[in-house]
Amino acid sequence: MEFKISYNVLVKKIGYFLFALILFFSFSTKQVSADSNFSTDYNVTYTINQNAITHVDINANLTNLSTNYYASSYSVAVGFKDVENITAHDAGGAITPKITQTDQGTNIKLNFNTRTVGYNVKQNFDIGFDTSEVAQNFNHVWDINIPGIANQADFSSFNVSVIYPSFLGNPAYIKPAPSGINVQNGNQLDFTKQDLGSSGISISFGNFQIYNFNLTYHLANPNYFPISTEIALPPATNYQDVEIDNINQKPTNVKLDSDGNWLAEYSLVPYKKLDVKVSGKVKVYLNPRLEDLSSNQLTEDLQSQTYWESDNPKIAGLAKTLKTPYAIYQYVVKTLNYDYNRVQANSPRLGALQVLNNPNSAVCLEFSDLFIALSRAAGIPAREVEGYGYSNNSRERPLSLVEDVLHAWPEYYDFDKKAWVMVDPTWGNTTSGVDYFNTLDFDHIAFVIQGAASNYPIPAGGYKLLTGKNTKDIDMQIGSTFTQNAPILNASLEIPDTLIAGLPTDGFIKITNSGRDFIQAQTVLASTNYLEPSNQSFTVKDIPPYGFVSIPISFFKTPFLTNRTDTVKITAGNNTFNKNIRILPFFVNKLVILGGIIFVSLCIIISLVALVLRRLSLFRQRRKNNLRGES
């Protein structure tokens with residue numbers, strides 16, 4: 001979003017020779033020039049209505065610093081395409097603005113009714129309009145995004161007030177921190193030029209956001225032999241919960257990798273093509289949950305890898321000077337320049353070292369790669385998150401992965417907070433300095449986490465066949481409900497129905513997640529009346545939806561003459577499953593008897609065959625001897 005103001009100034013000399021001079025005020029990153037013959041003061045008020053329409057009032061004062069200049073006209077280039085109910089007036093009354101639509105938004109031109117001439121004389125005027133592009137109502141979250149000042153030195157003062165409906169409650173975050181918070185016909189936040197710096201204002205209300213997703217994965221086996229493959233489902237992380245409502249092609253299993261990804265496994269027969277459609281919900285939180293990990297557990301997230309060349313001398317040298325995650329974040333934000341042309345060009349990924357040598361051609365992957373490489377070189381565990389950034393402004397908050405226009409951002413492990421912390425240096429750069437370090441937002445949805453490898457797993461949207469490159473495989477919408485149900489576990493005991501007395505028994509308990517939600521640590525109990533040990537306890541750590549784990553279980557040998565039935569009771573979550581086991585002596589056990597009969601029969605047959613073969617051999621030997629004697 002860009003908001004640019006300019007005005008024409010006429011030079012008052014003998015004969016009134018006219019000279020045009022242009023002064024720009026901008027809410028973007030463009031360079032502007034200030035006119036030393038005027039001082040400028042702005043008071044801008046954004047009033048958010050209950051229907052999310054924002055009324056913008058701009059009150060401006062141009063103060064003459066000489067006797068030779070006066071302003072005759074004024075132009076406002078507004079980076080909103082949706083601008084309605086435009087009004088303007090100065091001391092002489094109402095002004096009819098001239099409106100021009102541009103590729104960047106709307107241009108509003110004013111011709112002043114009055115001419116103010118003289119030292120320290122002020123030209124005061126007001127502009128008002130309505131727009132739907134400041135506040136957004138996303139069901140559980142309201143977002144307010146307001147542009148900032150490009151060059152503070154151009155303004156004597158610049159004050160912004162944001163008035164929002166009181167029913168929204170307290171903001172979840174305010175970026176940057178305001179100078180004042182007042183209650184006046186609703187809540188009001190006041191910002192000064194010093195508060196804003198070069199960044200804009202970002203405010204959010206709510207405790208969480210819910211998204212509905214529909215994803216398509218295209219799989220194919222071009223070989224003449226079967227293969228096993230896998231897809232990455234959106235995982236639960238310390239920032240989000242996930243429900244998998246449906247998978248049209250059921251996987252053989254869904255497993256966790258070392259980074260916490262949910263990998264759904266499939267077997268494909270030769271020349272098989274398969275489209276897997278996954279639907280579900282994501283509930284995104286603002287603050288991360290704790291994960292108390294040791295340095296040893298995080299060793300993998302310190303390694304140098306492709307695109308994360310943390311052992312390169314140039315990167316290692318920089319890391320020694322930067323040292324902290326915040327210093328690294330600031331360096332990446334200020335050093336790299338976002339290259340919007342690369343998004344359309346489908347350019348290859350550069351990686352940390354290459355973008356450091358070419359900082360003017362970066363997209364979100366390179367912002368993330370450089371942050372991760374510098375962090376790892378500084379001894380800070382870091383990894384990459386690829387997923388979806390919910391953005392309604394592709395200029396300020398671009399999405400730049402080419403497959404279905406996804407987004408990438410890094411996270412680092414904070415040993416003080418005991419949590420993985422997500423940051424977004426890309427959006428910190430493209431929003432001219434909005435803080436995406438101390439607090440993120442409700443708009444980042446993780447599809448995969450890449451720590452053990454810099455380019456695997458592949459996120460949803462990246463599973464495309466050569467014949468279907470232009471398919472839209474990601475549909476992400478704001479949702480309304482997210483119901484986390486109690487875990488639904490199914491258990492089965494994988495041991496024979498009949499056991500042989502006198503022998504130990506080994507088997508498995510298979511625990512299957514039959515629900516839609518991720519199951520964290522669960523205790524599984526196995527109890528018996530006769531078999532020993534009679535009580536066994538196991539901890540099942542994490543099972544994604546559609547996944548299962550197998551737990552080894554053993555029972556001691558029973559007396560040789562045991563002949564009875566026992567029940568193995570398995571308790572998993574709130575569910576109990578029973579299996580009856582028959583224990584028989586080996587001489588009663590039908591399988592043993594049958595096996596014995598078969599074994600004895602085989603022995604007799606083999607003995608008879610061996611005897612016949614031996615007699616044939618002796619007969620042949622005697623015949624040979626007789627033939628030799630006759631000769």
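A compact table of results
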{"quantity": "Pair list, Cβ under 9 Å, 6 or more apart: the range 436-463 residue free of Cβ contacts under 8 Å to residues at least 12 places away in the same chain, other residue among the aliphatic types (A, V, I, L, M) and not in a loop (DSSP other than H, G, I, E, B)", "calculated": "Tyr456/Ala232; Tyr456/Val448"}
{"quantity": "Residue count, the range 383-414 (criterion: within 15 Å of the chain's Cα centre (by Cα), not in a loop (DSSP other than H, G, I, E, B) and not acidic (Asp, Glu))", "calculated": "12"}
{"quantity": "Residue in the range 132-141 that is farther than 30 Å from Gln477 by Cα, of a type in the set (Gly, Ala, Ser) and surrounded by fewer than 19 Cβ atoms within 10 Å (Cβ to Cβ) present", "calculated": "no"}
{"quantity": "Residue in the range 415-430 that is farthest from Tyr456 (Cα to Cα), counting only those that are surrounded by fewer than 23 Cβ atoms within 10 Å (Cβ to Cβ) and within 18 Å of the chain's Cα centre (by Cα)", "calculated": "Gly428"}
{"quantity": "Exclusive hit being within 13 Å of Ile372 (Cα to Cα) and of a type outside the set (Gly, Ala, Ser), set Leu336, Leu353", "calculated": "Leu353"}
{"quantity": "Residue count, the range 335-368 (criterion: over 19 Å from Leu399 (Cα atoms) and surrounded by fewer than 23 Cβ atoms within 10 Å (Cβ to Cβ))", "calculated": "5"}
{"quantity": "Subset of the range 170-212 (residues that are at positive phi and under 27 Å from the mean Cα position of the chain (by Cα))", "calculated": "Gly206"}
{"quantity": "Subset of the range 393-414 (residues that are surrounded by fewer than 23 Cβ atoms within 10 Å (Cβ to Cβ) and acidic (Asp, Glu))", "calculated": "Glu396, Glu403, Asp404, Asp414"}
{"quantity": "Residue list for the range 48-68, filter: buried (at least 21 other Cβ atoms within 10 Å of the Cβ) and either hydroxyl-bearing (Ser, Thr, Tyr) or modelled with pLDDT under 80 (or both)", "calculated": "Thr54"}
{"quantity": "Residue in the range 13-34 that is buried (at least 20 other Cβ atoms within 10 Å of the Cβ), at pLDDT 85 or above and in contact with a Lys or Arg (Cβ under 9 Å, 6 or more places away or on another chain) present", "calculated": "no"}
{"quantity": "Matching residues, the range 572-618, being more than 60 Å from the chain's Cα centre (by Cα) and modelled with pLDDT under 65", "calculated": "Val588, Ile593, Gly596"}
{"quantity": "Residue within the range 265-274 that is of a type in the set (S, T, N, Q) and farther than 30 Å from Ser480 by Cβ present", "calculated": "yes"}
{"quantity": "Strands (runs of 3 or more DSSP E) fully within the range 141-193 counting 3 or more residues that are of a type in the set (A, V, I, L, M), within 14 Å of Ile48 (Cα to Cα) and modelled with pLDDT of 90 or more", "calculated": "157-164"}
{"quantity": "Filtered residues of the range 156-169 (kept if surrounded by 13 or more Cβ atoms within 10 Å (Cβ to Cβ) and within 31 Å of the chain's Cα centre (by Cα))", "calculated": "Val162, Tyr164, Pro165, Leu168, Gly169"}
{"quantity": "Count - residues of the range 466-475 that are surrounded by 17 or more Cβ atoms within 10 Å (Cβ to Cβ) and part of a loop (DSSP other than H, G, I, E, B)", "calculated": "1"}
{"quantity": "Those residues of the range 260-295 which are of a type in the set (Gly, Ala, Ser) and closer than 30 Å to Trp142 by Cβ, in sequence order", "calculated": "Ser279, Gly280"}
{"quantity": "The range 518-546 residues that are among the basic types (Lys, Arg), paired with ones that are surrounded by fewer than 17 Cβ atoms within 10 Å (Cβ to Cβ) and assigned to a loop (DSSP other than H, G, I, E, B) (beta carbon under 8 Å, 6 or more apart)", "calculated": "Lys541/Gln520; Lys541/Ala521"}
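The rows are residues; the columns are (1) surrounded by fewer than 19 Cβ atoms within 10 Å (Cβ to Cβ); (2) touching a Ser or Thr at 6+ places or on another chain (Cβ under 9 Å); (3) part of a loop (DSSP other than H, G, I, E, B).
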residue	(1), (2), (3)
Ile445	no, no, no
Ile449	no, yes, no
Ala452	yes, yes, yes
Pro457	no, no, yes
Lys464	yes, yes, yes
Gln477	yes, no, no
Thr483	yes, no, yes
Ala486	yes, no, yes
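The values are calculated or read from the model by the stated rules, or taken from the named source; none is laboratory data. Owing to the predicted nature of the structure, the values given are computational and were not obtained by experimental measurement. Cβ coordinates were reconstructed from backbone atoms using ideal geometry, including for glycine residues, and neighbour counts include every protein chain displayed.
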